[in-house]
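Asker: Shown below is the structure under consideration.
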Amino acid sequence: MKAEHLGELEELALLVVVALGTDAYGVAVQRRLERDARRPVALGAVYAALERLERKRFLTSGFGEATPERGGRRKRMFAATPTGLRALRDVRRTRERLWQAVEAAEGSK
Amino acid sequence: MNSQLPFLIRVALRLFIPSSRREEVEGDVLELARARAALLGPWHARRRCWRDVVSVIWHRGHLRDRRALRSPRAHASAGTTLLNALAELRYAARSLAKRPGYTAVAAFTLALGIGSNVAIFTILNAVLLRPLPFPDSERIVDVRHHAPGLNMPEVQSSPGLIAQYRVNARTLATVAGYHIRQFNLTGGGAPERVRAVVATPDLFSVLAVTPALGRVFYESDAIPHARRTTVLTHQLWQSRFGGDPGVVGRTVELDGQATEVVGVMPRGFVFPDPDTRLFVPLLLERQAAFGALGMSSIARLRSGVTIEAARREIAQLQQRIPEWFPDITPEVMAGFGWSSAVERLRDRVVANISTTLWVLFATVGLVLLIAGANVANLFLVRAESRQREVALRCALGASRTRVATTFLAESLVLAVLGGLGGLLLAEIGTRLLVAYGPPRLPRLHEVRMDTTAFAFSAGLSLLSAMVLGTLPTLTTARRSFTALLRDGGRGSTAGRARHRIRQLLIVTQVAMAVVLLVGSGLMLRSVVRLNAVDPGFQVDGLLTAGISLGTGNSREQAVAIYRRMLDEMAGVPGVTAVGAATTLPVAATGLTGSNFAIRSRPAAGADVALFSMYTAVTEGYFETLGVPIVEGRAPDWADTEHGRSVAWVNRAFARQFLDNRAIGEWIQIQETWLEIVGVVGDLKTSGLREEARPMAYLPLGNRAVGLDVMHAVIRSSGDPAALARSLRAAVDRVNPSIPLTSTRTMEDLVSASLAQTMFAMSLLGLASCIALLLGVVGLYGVVSYIVSQRAPEIGVRLALGARPLSVCLMVVRQGLVVAIAGVIVGTAAAWASMRLMASMLFDVSARDPATYAAVGVLLIAVSVCAAYVPARRAARIDPLVALREAC
């Protein structure tokens, strides 16, 4: 189904949300993306990716706590849904299959 | 940024982010901002913060309003309308980016139009519209007089009149008089020739300016035998005294007289033009005699008094002149054609240039319209190709407004691009205009791009966006989508209505091109005529140089020094002839004029104003210039050295006053009786445009003419410009402390006198070339488009046996009809509007039939060429291909 396709940034964002566990919100996701994926990502792009993931039902969200450094504003916390986790695993499996094929091809050379 | 986001960021988020999502977004942005402020410092943090906000807004299409998800018919708030608009803008930017060619052409065309307008507007605004940089400057007026009977270029005012106005004019709070003269400035540096304003002390109170250092003049500085004082301009203070604050109280020498510096004017103070270097007090006695004309007077209106009231009062005061000055009877005044004029100083300063600038402004306005019409055409064609898309969107439920917004957004993006490009072009254009514009353009030093210019270009951009954007809406959005779907499909020709609009645009374009071409054609003819004017002497190979001796020599000494210098100059290799006079032809400065009497006709003075300009000349002057001696003999040194009472007059003088029999007549100029011993050819005295004025020439040394400055004319066989150095050396052999000023070729002087006309002509020419080009491109585009639309039909015709030639003619005719309509409309418009230009023309009628005919023929010829290219294409259409594509 087309809606289940994962874009590259979406895939990374989803992975980051899973990795962050209970602390996954906009700024945290952006920071982790910049740190681990080594690429500068605009806040807006992060929002867009998270929003798309949520629309594809790979993520759910709800308000979290408000901290003083946010001027008392609440965070939107994200969590991966079982569908999201399955989609990640699918992607990983696909990649692994493909890598095996690549390695097989290189080995036979 | 400690507990709150900056105001503007909050506003931006409030506008663009749906309220249900705002809390989290604001929280995230603030958290990021704080973390960065600790890391990067406030400035970078703030910049990055804006980048976050912009990125969020840019991607906010994904930030669905959560309530909207729940209730699909949520009401549209101002925020969501803006969101829609933003989405459209983004879409427009993307679709334009996909067609870089179209975008570049459209944006560049608009930039050309907007840029030229902003450039001319910048100058117009600085020169004509902005008030002079004096407090309450609208109350400063220039008081002058006209006396056409005097044959003097500028009558201005006189010391006696100024003294009387001071006492009698109730509408004027203060009246000041001034004139311009040159001084030799010595002391504290190399000798320097400086331009000074000799002014009554109250000049500064009329202008209401205070000095940056020291004081301005007191009344006591302007009494006889007072200690000599001067006030410096900021410019001279910087260039000669290095901005030394201790300059006040120092003594300099002006023409050899010790003079105390009492003050320095502030930077930016310019009066009456940037060439002024210092001010010297002018003595004006309370009961002054009428005195010499040529003194300027400015005044400050009493508060609450209108300029009309001042005009009326000054006009009435003219009737009291015979009472104030008994030697000027009402009959003499009537002979002069005496009248007075009171104008705002600003209008006076810019009087010469104002018509030119307004005409140029109108010109670039037309260029913008033509450019706009071209872009509109491109835009319409593009809108047409999007018919199906529009029809589909309508069918899927997009509202008309939404569809119109799409077009508006695209035109807005184009116009903003055009506006930005225009600002760039305007910046370049303004610099070029300032650098290469006429050197005597007043207030040029005040020209710069300012917020008004920015606002003006923003306004132009918005206006063009609105016009462009609504055009396709007018033609397409009105129709029902079923019609659009049917019509927008393949196989039918485009609707007639849209053709009509496009043809109308072309007619307008051609018409405006005609107006501009007629304007520049008339200017071109004026310049040709001006260049053909015989200045009365041979311009080529002449060099001129000012020699300023200053005062302080006796008459005999001065004459001897001048003679030695001219002799030295004559000895320079390559020099064939040398002479000197107190004023130069064409660019006359310091002309003097006076009443005179004729011995044989004592009664002539009563009804004819006997008034002539005069100048002193040396041996060789007429010969060097190449002015023919019509009758009698030429001047020689013996006339000067023996103080002979002789004079020469020009033909105009002989014709006007002496019935062409001048030789042997005696005239009296400034108390001296002189015998006319020669008649010389007429010279243009101040500019090529005017008729020759009566002119008398006296031998150098005559008491009527001052000796402080002379202008040498040198004819040489080689390049005159290369001669300047050897001339300087020749002068140095006589006295190295005498400045040799403004060494220029006569050609320079003549072309400087034509500068303004040439300036107007080149700009008009440039504008009309652009107009012609744009018009032709537009015509070509429309005819090509019609051909491409009619390809199936033409294919059918060709298949049924139409000859290619007749197809070709048919298409050309279609273009021609549009062009002819344009030429007719344009000619009518030019006919009606060209008289505005009349004052800029020379010896050419504003309704010169030849120019109109030439322009009409040119445009029709060019239009035929523009239509011929697509017509050939039409004639070569392969019927099979055309029909296959159509079906």
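Asker: List the number of the failed condition for B:SER833; all other conditions in (1) over 23 Å from B:ARG876 (Cβ atoms); (2) crowded, with 22+ Cβ neighbours inside 10 Å; (3) modelled with pLDDT of 85 or more hold.
Answerer: It fails just one condition, (2).
One line per residue, one yes/no per condition, for (1) within 11 Å of another protein chain (Cβ to nearest Cβ); (2) at pLDDT below 80; (3) under 26 Å from B:ARG402 (Cα atoms):
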site	(1), (2), (3)
B:GLN4	yes, yes, no
B:PHE7	no, yes, no
B:PHE16	yes, yes, yes
B:LEU30	yes, no, no
B:VAL54	yes, no, yes
B:ILE57	yes, no, yes
B:HIS62	yes, yes, yes
B:ARG73	no, yes, yes
B:LEU83	no, yes, yes
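Asker: What number goes with the only condition from (1) surrounded by fewer than 19 Cβ atoms within 10 Å (Cβ to Cβ); (2) at pLDDT below 90 that A:LEU43 does not pass?
Answerer: Looking at each condition in turn, A:LEU43 falls short on (1).
Asker: Every residue in segment B:35-49 that is closer than 21 Å to A:ALA45 by Cβ and surrounded by 14 or more Cβ atoms within 10 Å (Cβ to Cβ), please.
Answerer: Matches in segment B:35-49: B:ALA35, B:ARG36, B:ALA45, B:ARG46, B:ARG48, B:CYS49.
Asker: Out of B:LEU236, B:LEU232, B:LEU254, which single residue is at negative phi and touching a helix residue (DSSP H, G or I) at 6+ places or on another chain (Cβ under 9 Å)?
Answerer: Step by step, each of B:LEU236, B:LEU232, B:LEU254 is checked, and only B:LEU232 is at negative phi and touching a helix residue (DSSP H, G or I) at 6+ places or on another chain (Cβ under 9 Å).
Asker: On the basis of being part of a helix (DSSP H, G or I), over 17 Å from the mean Cα position of the chain (by Cα), within 30 Å of B:THR363 (Cβ to Cβ) and charged (D, E, K, R), does B:ASP732 make the cut?
Answerer: No: the conditions fail for B:ASP732.
Asker: Which of the residues belonging to segment B:624-661 are under 20 Å from B:THR685 (Cα atoms) and in a loop (DSSP other than H, G, I, E, B)?
Answerer: B:GLY626, B:VAL627, B:PRO628, B:ALA634, B:PRO635
Asker: Kindly list the number of the only condition in (1) within 17 Å of B:THR174 (Cβ to Cβ); (2) in contact with a strand residue (DSSP E or B) (Cβ under 9 Å, 6 or more places away or on another chain); (3) part of a loop (DSSP other than H, G, I, E, B) that fails for B:ALA299.
Answerer: Failed condition: (3).
Asker: Also: For B:GLY149, state whether it is under 23 Å from B:THR210 (Cα atoms) and not aliphatic (A, V, I, L, M).
Answerer: When the stated conditions are applied, B:GLY149 does not pass them.
Asker: Would you point out which residue out of B:SER753, B:SER768, B:SER788 is buried (at least 19 other Cβ atoms within 10 Å of the Cβ) and at pLDDT below 80?
Answerer: Result: B:SER753 is the single residue among B:SER753, B:SER768, B:SER788 that is buried (at least 19 other Cβ atoms within 10 Å of the Cβ) and at pLDDT below 80.
Asker: Further question: If you go through segment B:255-269 one residue at a time, do you hit one that is under 30 Å from B:VAL342 (Cβ atoms) and modelled with pLDDT under 85?
Answerer: yes
Asker: Separate question: Quick one: count up the residues across segment B:587-617 that are at pLDDT 75 or above and within 30 Å of B:ARG744 (Cα to Cα).
Answerer: The total comes to 6.
Asker: Turning to a different aspect of this structure: Could you pull out the residue among A:ALA45, A:ALA101, A:ALA105 that is of a type in the set (A, V, I, L, M) and either touching a Lys or Arg at 6+ places or on another chain (Cβ under 7 Å) or under 20 Å from A:LEU9 (Cβ atoms) (or both)?
Answerer: A:ALA45
Asker: Here's another thing I want to ask about it. What residue, among those in segment A:58-73 that are over 21 Å from A:LEU14 (Cα atoms) and at the interface with chain B (Cβ under 8 Å from one of its Cβ atoms), is surrounded by the most Cβ atoms within 10 Å (Cβ to Cβ)?
Answerer: A:ARG70
Asker: What number of residues within segment B:92-132 satisfy the criterion of being touching a Gly at 6+ places or on another chain (Cβ under 9 Å) and closer than 30 Å to B:ARG443 by Cα?
Answerer: 13
Asker: Could you please find all residues in segment A:22-54 being more than 19 Å from B:LEU30 (Cβ to Cβ), in contact (Cβ under 8 Å) with a residue 40 or more places away in the chain and facing another protein chain (nearest Cβ under 9 Å)?
Answerer: Of everything in segment A:22-54, those that are more than 19 Å from B:LEU30 (Cβ to Cβ), in contact (Cβ under 8 Å) with a residue 40 or more places away in the chain and facing another protein chain (nearest Cβ under 9 Å) turn out to be A:ALA49, A:ARG52.
Asker: Oh, and also: Which residues, taken from segment B:214-246, are part of a helix (DSSP H, G or I), within 16 Å of B:LEU284 (Cα to Cα) and hydrophobic (A, V, I, L, M, F, W, C)?
Answerer: Answer for segment B:214-246, where residues must be part of a helix (DSSP H, G or I), within 16 Å of B:LEU284 (Cα to Cα) and hydrophobic (A, V, I, L, M, F, W, C): just B:ALA222.
Asker: Six or more apart or on different chains, Cβ under 6 Å: which pairs go from a residue in segment B:315-327 that's within 13 Å of B:GLY160 (Cβ to Cβ) to one that's in a loop (DSSP other than H, G, I, E, B) and of a type in the set (Phe, Trp, Tyr)? Could you list them?
Answerer: What qualifies is B:PHE325/B:PHE290.
Asker: Any residue that is part of a helix (DSSP H, G or I) and either aromatic (Phe, Trp, Tyr) or touching a Leu at 6+ places or on another chain (Cβ under 7 Å) (or both) - is there at least one of those in segment B:141-156?
Answerer: no
One line per residue, one yes/no per condition, for (1) over 37 Å from the mean Cα position of the chain (by Cα); (2) surrounded by 21 or more Cβ atoms within 10 Å (Cβ to Cβ); (3) of a type in the set (S, T, N, Q):
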site: B:THR200; (1), (2), (3): no, yes, yes
site: B:PHE204; (1), (2), (3): no, yes, no
site: B:ALA208; (1), (2), (3): no, no, no
site: B:THR230; (1), (2), (3): no, yes, yes
site: B:THR233; (1), (2), (3): no, yes, yes
site: B:TRP237; (1), (2), (3): no, yes, no
site: B:THR251; (1), (2), (3): yes, no, yes
site: B:GLY263; (1), (2), (3): no, yes, no
site: B:ARG267; (1), (2), (3): no, no, no
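Asker: Filter segment A:74-89 for residues that are in contact (Cβ under 8 Å) with a residue 12 or more places away in the chain and either exposed (fewer than 13 other Cβ atoms within 10 Å of the Cβ) or more than 14 Å from every other protein chain (Cβ to nearest Cβ) (or both) and give the result.
Answerer: If the condition is that a residue be in contact (Cβ under 8 Å) with a residue 12 or more places away in the chain and either exposed (fewer than 13 other Cβ atoms within 10 Å of the Cβ) or more than 14 Å from every other protein chain (Cβ to nearest Cβ) (or both), then A:ALA79, A:ALA80, A:THR81, A:THR83, A:GLY84, A:LEU85, A:ALA87, A:LEU88 are the ones that fit.
Asker: Which of the following residues is surrounded by 21 or more Cβ atoms within 10 Å (Cβ to Cβ), closer than 26 Å to B:VAL709 by Cβ and not basic (Lys, Arg): B:ASP221, B:ASP273?
Answerer: Going through B:ASP221, B:ASP273 in turn, the sole match is B:ASP221.
Asker: Looking at B:ALA638, B:ALA662, B:ALA634, B:ALA654, which one is aliphatic (A, V, I, L, M) and free of Cβ contacts under 8 Å to residues at least 12 places away in the same chain?
Answerer: Criteria check complete, one pass: B:ALA638.
The values are calculated or read from the model by the stated rules, or taken from the named source; none is laboratory data. This structure is a prediction, so every number in the text was calculated from the model and none was measured. Note that each Cβ is placed from the backbone with ideal geometry, even for glycine, and that neighbours are counted across all protein chains shown.
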